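J.: Structure incoming, see below.
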Amino acid sequence: MQTVVAKEEVNAPVKHTDFLVALDQMTIDLHKGELQSGSAVLFDKGLNLKTDGLPEGVRVFAIPLAELVAEVGGKEIMRNTLATAAMMALNGGEIQHLKDLVAEEFKNKPQEVTDLNFAVIEAGYKYVQDNLAGEVRKVLEPQSEVKKRMVINGNEAIARGAVAGGLQFAAIYPMTPTSNVLHNLAPWQEKFGFVYKQPEDEISALGMALGAAHAGARSMVATSGGGFALMSEAYGLAGITETGVVIIEGMRGGPATGLPTWTEQGDLRFVLHAHQSDFPRIVLAPGDSQEAFDYTMMAFNLADKYQTPVVVLVDKMICESDQSYIPFVYDEYQVDRGKVVWEKVEEFKRYALSDDGISARSVVGSGNYFYANADEHDEIGYANEEIDNRNMQMRKRMQKLVTCKDSDMEAPRLYGPEDAEVTIVSWGSNKGAILEALKELPNVNFVHNVWMNPFPVEAMRSRLEKAKYLLNIECNFSGQYAGVVAEQIGIRIADNLLKYDGRPIYPEEIVEKVRSIKN
């Protein structure tokens with residue numbers, strides 16, 4: 001685990017490590033390359049760990065962690081708590097902050113568990129004060145004015161965005177990195193009045209969600225690339241039956257099982273083209289947990305309004321990275337159910353042709369009769385393969401994207417100066433690393449786009465045509481987003497920073513790449 005602490009906003013992890021707490025030799029061996037002059041390593045003195053090969057200027061603190069834990073009656077596993085206390089002391093942190101966190105963590109356990117952890121914390125803190133006082137650096141000094149903030153990751157944000165967006169039904173088969181979406185949602189059913197159903201697999205998950213949506217419920221699933229592959233048949237069924245459903249797709253390294261515990265952005269083309277033939281699908285790619293919350297809420301309105309699947313495309317970097325935010329605001333959010341008929345209508349036509357591509361929908365029990373199956377159909381839902389009918393129904397469905405583009409799609413957001421030497425083009429979780437890099441790159445800007453489909457063609461073209469030099473940044477092998485940009489607006493980005501080893505893009509890598517361009 002890496003934790004980044006700073007007085008200013010922190011948007012991403014970094015490549016270097018300032019303070020390494022190592023509980024075994026492997027930790028030192030794996031991470032010593034991240035250390036630099038001024039960094040520090042803390043480890044258990046009793047383990048006699050080797051520190052050969054550390055960069056010059058790295059401070060080494062061998063503290064008897066296990067011995068100090070034993071002195072206060074603790075267990076060996078509590079070395080981590082004592083090490084954290086020693087680290088806090090060496091960096092000028094206040095002991096009470098750590099005690100408060102421990103008290104919160106163990107609030108559901110017997111009081112003696114909390115008291116023992118307090119004793120361990122005090123032992124580690126006191127050891128530094130008594131033996132290493134000259135090494136203390138005032139890094140973790142509290143700020144005089146602090147706004148109330150929360151620490152949250154993307155999975156938690158998505159779950160909360162779903163509830164705020166009016167979720168009524170969820171069926172989620174656990175799959176890294178979105179499993180914690182279901183872990184958050186499941187206990188909230190009674191409190192917030194929705195149903196969570198544990199399916200036997202991803203195929204049934206989307207099938208159940210479509211059934212619930214067909215009955216009028218705001219419905220969602222969450223999965224990863226492998227699970228979405230199993231959902232692709234029902235994905236198309238949602239398209240032809242014009243059933244709105246929200247799909248959370250958390251990317252990880254593939255293909256197949258691939259890198260199940262690492263991150264990647266390799267599923268963009270997949271969700272844009274999964275299933276045979278053409279049907280409207282709305283694809284949104286948030287760049288952080290705040291956006292994951294906001295666009296999950298939006299996804300439910302879009303699914304209802306356009307009666308088609310809406311994919312919220314995230315990745316492990318967003319799903320499982322904790323970050324501090326000012327509490328999310330959603331009091332202005334308004335539920336939009338779109339064209340829905342709750343009462344009986346004479347000669348109801350579920351798939352009636354319309355200029356905006358959207359037909360009125362109805363629900364079971366309303367008295368409105370229609371057919372909904374996987375066949376091409378006429379306005380009532382009867383299977384119909386005639387040429388004119390096929391053309392009219394296909395055009396009607398695809399018109400939804402045009403209407404969405406005109407009514408709901410947002411333009412890309414520009415970060416940095418209007419006029420810059422280098423313009424970075426990217427998407428998704430790379431946003432954080434790019435924003436961190438911009439702090440050191442004053443003459444660079446960044447075009448951040450959330451809407452993958454429909455695509456903001458005119459706005460993106462206008463922005464990129466002004467650029468003096470374009471750099472695309474992605475976590476995949478083939479530059480999938482750059483391909484979408486070229487396909488949509490005819491501008492091919494020649495320079496790419498691509499990473500596909502499962503690790504995120506780091507700000508330092510972006511800074512190095514941009515400086516190599518400018519030199």
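Values quoted throughout were computed directly from the atomic coordinates according to the rules given, and no laboratory measurement underlies them. What you see is a predicted model, and the numbers here were worked out from it, not measured in a lab. Positions of Cβ are generated from backbone atoms using ideal geometry, with glycine treated the same way; all protein chains shown enter the neighbour counts.
J.: Could you compute the net charge surrounding ALA157? Neighbours are other residues with a C-beta less than 10 Å from the C-beta of ALA157; K and R count +1, D and E count -1.
T.: Details: positive: ARG160; negative: GLU156, ASP288, GLU291, ASP294.
So the surrounding residues net to -3.
J.: Here's a follow-up. Note down the nm distance, to one decimal, between modelled labels 7 Å out along Cα→Cβ at GLU487 and at LYS7.
T.: Distance between the two pseudo-spin positions: 4.7 nm.
J.: Apply the Kirkwood formula to the stretch 202-300: the hydrodynamic radius equals the inverse of the mean of 1/r over all pairs of different alpha-carbon atoms; give it in Å with one decimal. Write down the numbers at each step before the final one.
T.: Values: mean 1/r = 0.0713 Å⁻¹.
Roughly 14.0 Å, rounded to one decimal.
J.: Once the Cα atoms of the stretch 454-519 are picked out, what are the Rg and Dmax in Å?
T.: According to the Cα coordinates of the stretch 454-519, Rg and Dmax are 12.8, 37 Å.
J.: Collect residues whose amide H, placed 1.01 Å from N in the peptide plane, falls under 5 Å from the amide H of ASP315; neighbours closer than 5 in sequence don't count.
T.: It is MET251, by chain and number.
J.: Can you work out D for the chain in µm² s⁻¹ from Stokes-Einstein, where Rh is the Kirkwood radius over C-alpha pairs, the temperature is 20 °C and the viscosity is 1.002 mPa s? Walk me through the numbers on the way to the answer.
T.: On the way: Rh = 25.5 Å.
Roughly 84 µm²/s, to the nearest whole number.
J.: Give a residue-ordered list of calculated ³J(HN,Hα) values for the stretch 280-285 (Karplus: 6.51 cos²θ - 1.76 cosθ + 1.60, θ = phi - 60°; whole Hz; x for Gly, Pro).
T.: After applying 6.51 cos²θ - 1.76 cosθ + 1.60, I find x, 9, 9, 10, 10, 10 Hz.
J.: For a quick check: with amide H placed at 1.01 Å from N, whose amide H comes under 5 Å from THR17's, ignoring anything fewer than 5 positions away on the same chain?
T.: Long-range HN contacts for THR17: LEU35, GLN36.
J.: What's the ranking of 272-285, 236-249, 429-442, 25-38 by average number of surrounding C-beta atoms within 10 Å, highest first?
T.: The packing order, highest mean first, is 236-249, 429-442, 272-285, 25-38.
J.: Each residue of the stretch 8-18 in order: what ³J(HN,Hα) in whole Hz does its phi give by Karplus 6.51 cos²θ - 1.76 cosθ + 1.60, θ = phi - 60°, with x for Gly and Pro?
T.: Per-residue couplings from phi come out as 8, 4, 10, 10, 6, x, 10, 7, 8, 10, 8 Hz.
J.: In debye, nearest 20, what is the charge dipole magnitude of the chain about its Cα centre with +1 on Lys and Arg Cβ and -1 on Asp and Glu Cβ, if you could check? Mind dumping the intermediate values first?
T.: Details: 51 positive and 73 negative charges, 69 e Å.
For this selection, approximately 340 debye.
J.: Rounded to the nearest 20 Debye, what is the dipole magnitude of the stretch 152-325 about its Cα centre when Lys and Arg each give +1 and Asp and Glu each give -1 at the C-beta? Please report the intermediate quantities before stating the final value.
T.: On the way: 9 positive and 18 negative charges, 52 e Å.
Dipole of the stretch 152-325, to the nearest 20 debye: 240 debye.
J.: Under a 5 Å amide H to amide H cut-off, with H placed in plane at 1.01 Å, what residues pair with ASN384 once short-range neighbours are removed?
T.: Placed amide hydrogens put GLU376, HIS377, ASP378 under 5 Å from ASN384.
J.: Quickly work out the ASN80-to-GLN129 label distance, labels modelled 7 Å from Cα along the C-beta direction, and quote it in nm with one decimal.
T.: Here the answer is 2.6 nm between the modelled labels.
J.: Given a Förster distance of 60 angstrom, what is the FRET efficiency for MET398 paired with VAL14, based on the Cβ-Cβ distance and rounded to 0.05?
T.: Numbers: r = 44 Å, r/R0 = 0.74.
Here the calculated transfer efficiency is 0.85.
J.: Next question, about the same structure. What nm distance separates the two modelled labels at ILE387 and ASN108, each placed 7 Å from Cα along Cα→Cβ?
T.: My value for the distance between the label points is 6.5 nm.
J.: Kindly put ARG79, ARG461 in sequence by how many other C-beta atoms sit within 10 Å of each C-beta, fewest to most. Can you show the working numbers first?
T.: Numbers: ARG79 26, ARG461 15.
Sorted ascending by nearby Cβ count, the order is ARG461, ARG79.
J.: Charges on Cβ only, +1 for Lys and Arg, -1 for Asp and Glu, centred on the Cα centroid of the chain; of PRO199, GLY254, TYR415, which one is farthest towards the dipole's positive end?
T.: Ranked along the dipole, the leading option is TYR415.
J.: In bins 5 Å wide, starting from 0, what share of all Cα pairs of the stretch 132-224 does each bin hold, as a percent?
T.: The calculated distribution, bin by bin, is 3, 13, 19, 19, 13, 6, 5, 5, 6, 5, 4, 2, 1, 0.
J.: Could you work out how far the C-alpha centroid of the stretch 363-436 sits from that of the stretch 238-283, in angstrom?
T.: 14
J.: Percent of alpha carbon pairs in the stretch 281-368 separated by more than 23 Å? Write out the running numbers ahead of the final one.
T.: On the way: 1546 of 3828 pairs.
Result for the distance tail: 40 percent.
J.: Another question about this same structure. What's the magnitude of the charge dipole for the stretch 380-506 around its Cα centre, counting Lys and Arg as +1 and Asp and Glu as -1 at the beta-carbon? Answer in Debye, nearest 20. Show your work: numbers first, answer last.
T.: Values: 16 positive and 17 negative charges, 32 e Å.
About 160 debye.
J.: Over the chain, calculate the relative contact order: mean separation of alpha carbon pairs under 8 Å at least 6 apart, over the residue count, as a percent.
T.: Values: 1023 pairs, mean separation 62.8, N = 519.
The value is 12 percent.
J.: Towards the positive end of the charge dipole of the chain, with charges on Cβ (+1 Lys, Arg; -1 Asp, Glu), say which of LEU182, PRO327, VAL139 has the farthest Cα.
T.: Looking along the dipole axis, the top candidate is VAL139.
J.: Which whole-Hz couplings ³J(HN,Hα) result when phi for each residue of the stretch 457-471 is put into the Karplus expression 6.51 cos²θ - 1.76 cosθ + 1.60, θ = phi - 60°, listed in order with x for Gly and Pro?
T.: Going residue by residue, I get 4, 5, 5, 5, 4, 4, 6, 6, 5, 7, 5, 7, 8, 10, 10 Hz, with x marking Gly and Pro.
J.: Report the rotationally averaged projected area of the stretch 298-440 based on its alpha-carbon convex hull, in square nanometres. Kindly include the intermediate steps, with their values, before the conclusion.
T.: On the way: hull surface 54.7 nm².
In nm², the orientation-averaged hull projection of the stretch 298-440 is 13.7.
J.: Could you tell me, in Å, what Rg and Dmax come out for the Cα atoms of the stretch 340-407?
T.: For the stretch 340-407, the Cα-based Rg and Dmax read 12.5, 34 Å.
J.: List ILE203, ILE505 from most exposed to least, where exposure is judged by having the fewest other Cβ atoms within 10 Å.
T.: Values: ILE203 16, ILE505 27.
In increasing order of surrounding Cβ atoms, one gets ILE203, ILE505.
J.: Which listed residue (VAL102, ILE505, THR223) has the Cα farthest towards the positive end of the charge dipole for the chain, taking +1 on Lys and Arg C-beta and -1 on Asp and Glu C-beta about the Cα centre?
T.: Checking the options against the dipole of the chain, the answer is ILE505.
J.: Mind pulling the angle between the C-alpha long axis of helix 202-214 and the longest principal axis of the chain? Nearest 10 degrees, somewhere in 0 to 90.
T.: It is inclined by approximately 50 degrees.
J.: Another question, then. With the Cα gyration tensor of the stretch 1-102 in hand, convert its eigenvalues to equivalent ellipsoid semi-axes via √(5λ) and list them largest first in whole Å. Walk me through the numbers before you get to the answer.
T.: Numbers: eigenvalues 99, 78, 24 Å².
After diagonalising the Cα gyration tensor, the semi-axes are 22, 20, 11 Å.
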